[in-house]
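Trainee: The structure's right below; bear with me while I get my questions together.
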Amino acid sequence: MQRLDTLAWPDIPAAPVVFVPLGATEQHGPHLPFDTDTVIAEAVSTRLDAAAIVAPVLAYGSSGEHQDFPGTISIGHSALRMMLVELVRSTAHWAGRVIIVNGHGGNIPCLSSVVPELIAEGHDVAWLPCATSVGDAHAGVTETSIMLHLAPDRVRLDRAEGGPKTELALLLRKLKRSGVRAVSPAGVLGDPTGATAEHGRRCLDEMVAGALRRFEGGRLDDRGCLTEAA
Ligand SMILES: [Zn+2]
């Protein structure tokens, strides 16, 4: 893997695979930094393919549901859409394939509509999620553990607290209508209790393994998302 921002133009091979990490700048509870999704998307992107190029991370996404917390900066669906359209059209002049590596669930509706449009335009583009088999929704044990592994000096474990005990599916309707703060005043969905760097390393390994299976599987669903080979 080479980082685009460390290269000069003669270094670019013919038609490379380019990974574009896509994160968010949004609150992650009292104990995690705003760039949690961004850090995770970049970490996964840089661990996928030795021959690929990793573009500079996109640190802004669609995070309207977190807007009631100070510090959150959301660019919303339409600005994210336009950014991805222009980014892929431009990158496609020299890249063989563009793969957006998404670290934030709130970006998925946008990706699911824009990537199929770009494919219809003739571009070789896809996206994939940073996912674990058992993860908790937001700032819980998974994200806290991964940040303890990747950036331990920025995790304030002394401030960590659990979110509402209600099942997420039941909270979702209120969350969609009124935002995260209405269902969790601390901004946590899930529970960071028991988070460790070692668990974080395993979670990150699982995310990378899942992303690799999708990358190598090469099949796309109708949202432009890479899926594992059947
Ligand atoms: Zn997150």
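The values are calculated or read from the model by the stated rules, or taken from the named source; none is laboratory data. What you see is a predicted model, and the numbers here were worked out from it, not measured in a lab. Glycine also receives a Cβ, built like all others from the backbone with ideal geometry; neighbour counts cover every protein chain displayed. In case anyone asks, the SASA skips ligands and DNA or RNA and just uses the protein heavy atoms, side chains included. Shrake-Rupley method; radii C 1.70, N 1.55, O 1.52, S 1.80 Å.
Trainee: Working carefully through the options Ile100, Ile73, find the one that is within 16 Å of the ligand (Cβ to nearest atom), under 26 Å from Thr144 (Cβ atoms) and among the hydrophobic types (A, V, I, L, M, F, W, C).
Mentor: Residue meeting the stated conditions: Ile73.
Trainee: Looking at Leu111, Leu58, Leu84, Leu80, which is the one that is away from the ligand (no atom under 15 Å from the Cβ), over 25 Å from Arg177 (Cβ atoms) and open to solvent by less than 30 Å² (accessible area, probe 1.4 Å)?
Mentor: Within the list Leu111, Leu58, Leu84, Leu80, the selection yields Leu84.
Trainee: Here are some conditions: (1) in a loop (DSSP other than H, G, I, E, B); (2) at negative phi; (3) open to solvent by less than 10 Å² (accessible area, probe 1.4 Å). Gly187 meets all but one. Which one does it not meet?
Mentor: (2)
Trainee: Every residue in the stretch 131-169 that is among the basic types (Lys, Arg) and in contact (Cβ under 8 Å) with a residue 24 or more places away in the chain, please.
Mentor: Across the stretch 131-169, the qualifying residues are Arg154, Arg156, Arg159.
Trainee: Any chance you could count how many residues in the stretch 137-159 are part of a loop (DSSP other than H, G, I, E, B) and open to solvent by less than 40 Å² (accessible area, probe 1.4 Å)?
Mentor: Adding up the residues that qualify gives 4.
Trainee: Looking for whichever is touching a strand residue (DSSP E or B) at 6+ places or on another chain (Cβ under 9 Å), surrounded by fewer than 18 Cβ atoms within 10 Å (Cβ to Cβ), at pLDDT below 95 and farther than 22 Å from Ala59 by Cα here; the options are Leu168, Leu172. Which one fits?
Mentor: Result: Leu168 is the single residue among Leu168, Leu172 that is touching a strand residue (DSSP E or B) at 6+ places or on another chain (Cβ under 9 Å), surrounded by fewer than 18 Cβ atoms within 10 Å (Cβ to Cβ), at pLDDT below 95 and farther than 22 Å from Ala59 by Cα.
Trainee: Of the residues that make up the stretch 14-24, is at least one under 14 Å from Trp127 (Cα atoms) and outside any strand (DSSP E or B)?
Mentor: yes
Trainee: Since Ser133 meets every condition but one in (1) farther than 27 Å from Val188 by Cβ; (2) outside any helix (DSSP H, G or I); (3) under 16 Å from the mean Cα position of the chain (by Cα), which condition does it not meet?
Mentor: Answer for Ser133: the failing condition is (1).
Trainee: Do you know which residues across the stretch 41-73 are more than 13 Å from Leu22 (Cα to Cα) and in contact with a helix residue (DSSP H, G or I) (Cβ under 8 Å, 6 or more places away or on another chain)?
Mentor: Across the stretch 41-73, the qualifying residues are Arg47, Leu48, Asp49, Ile53, Gly64, Glu65, His66, Asp68, Phe69, Thr72.
Trainee: I would also like to ask the following. Residues in the stretch 17-33 that are more than 10 Å from the ligand (Cβ to nearest atom), among the hydrophobic types (A, V, I, L, M, F, W, C) and open to solvent by 10 Å² or more (accessible area, probe 1.4 Å): how many?
Mentor: Qualifying residue count for the region: 1.
Trainee: Mind listing just one residue for me: the one in the stretch 1-50 that is over 14 Å from the mean Cα position of the chain (by Cα) and among the acidic types (Asp, Glu) and, of those, nearest to Val98 (Cα to Cα)?
Mentor: Taking the candidates together, the pick is Asp49.
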